[in-house]
Amino acid sequence: MSTIQLHTEQQIWDFLREVTDPEIPVLNIVEMGIARKVEVDKAGKVLVKITPTYSGCPAMNAIEKLVNEKLEERGVEEFKVKLDFAETWTTDWMTEEAKAKLKDYGIAPPEKTEEEGDFLKSLSSTKVIPCPFCESFETKLVSKFGSTACKSQYFCDNCDQPFEHFKCI
């Protein structure tokens, strides 16, 4: 008769840090704020809750599969991965380390979300996004959509580089 190997919540969080976002491979799902909750009951059964960054985000199926594979690989025998829609994901959930990694990867990181009253005002104005390569503010929006719906395409007039901006949600 085999016994179930018990894992701690901290071990599960460590395993989740090994799961990278398929669209932005320099970021893991913990620093992105996608992995939201880990529960381990007394019998060793694990529940992992993940929250989609966008409704209909095509990467969520891949992320759920990667979490399942990682937990199996790490010997977690009884677990459930649940998509959690109780809270709406926000770029504010991204760690500062994640934003620094985005910039180093050549993607302008999101800024803090605005207060609700400022939201309508921001829709009518174009934000000035600093270039992740040279930090110049001489940039312009090229397309509201980049390689994925969560990013927009910009061009820097200072260093003549195109770059993406992770949209603030």
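Since every read-out is calculated from the coordinates, none of them should be taken as a lab result. A quick note: this is a predicted structure, and the numbers were derived from the prediction, not measured. Because the Cβ atoms are built from the backbone with ideal geometry, glycine has one as well, and the counts that use them run over all protein chains shown.
Rounded to the nearest 5, what is the percent of antiparallel bridges among the DSSP beta bridges in the range 1-83? Each step should come with its number before you reach the end.
Values: 6 of 11 bridges.
Of all bridge pairs located within the range 1-83, approximately 55 percent are antiparallel.
Placing unit charges on the Cβ atoms only, positive for Lys and Arg and negative for Asp and Glu, gives the chain a dipole magnitude near 320 debye about its Cα centre.
Assuming 0.36 nm per residue, please report the length gained on full extension of the stretch LYS37 to ALA149 beyond their Cα-Cα distance. Present the calculation step by step, with values, prior to reporting the outcome.
Working: separation 112, 0.36 × 112 = 40.32 nm, distance 2.54 nm.
So the extension gain works out to 37.8 nm.
Taking the chain as a whole, the Cys residues whose C-beta sits 4.7 Å or farther from every other Cys C-beta are CYS57, CYS150, CYS168. Available extension along the chain between ASP14 and TRP93 is 26.7 nm, counting 0.36 nm per residue and deducting the alpha carbon span.
Using every Cα-Cα pair within the chain, state what percent have a distance larger than 25 Å. It would help to have the intermediate numbers written out before the result.
Values: 5649 of 14196 pairs.
Looking at the chain, the distances longer than 25 Å represent 40 percent of pairs.
Taking LYS45 as the anchor, which lysines have their alpha carbon closer than 29 Å to its alpha carbon, excluding any fewer than eight residues away along the same chain? Within the straight-line cut-off, LYS45 pairs with LYS37, LYS65, LYS70, LYS80, LYS82. Label reach from ASP84 (point 7 Å along Cα→C-beta): in the range 3-24, amide nitrogens under 18 Å belong to 8-19.
Taking the radius of gyration and the Kirkwood hydrodynamic radius from Cα positions alone, what is the Rg/Rh ratio for the range 9-89, to two decimal places? Present the calculation step by step, with values, prior to reporting the outcome.
On the way: Rg = 11.8 Å, Rh = 12.6 Å.
In the range 9-89, Rg relative to Rh is 0.94.
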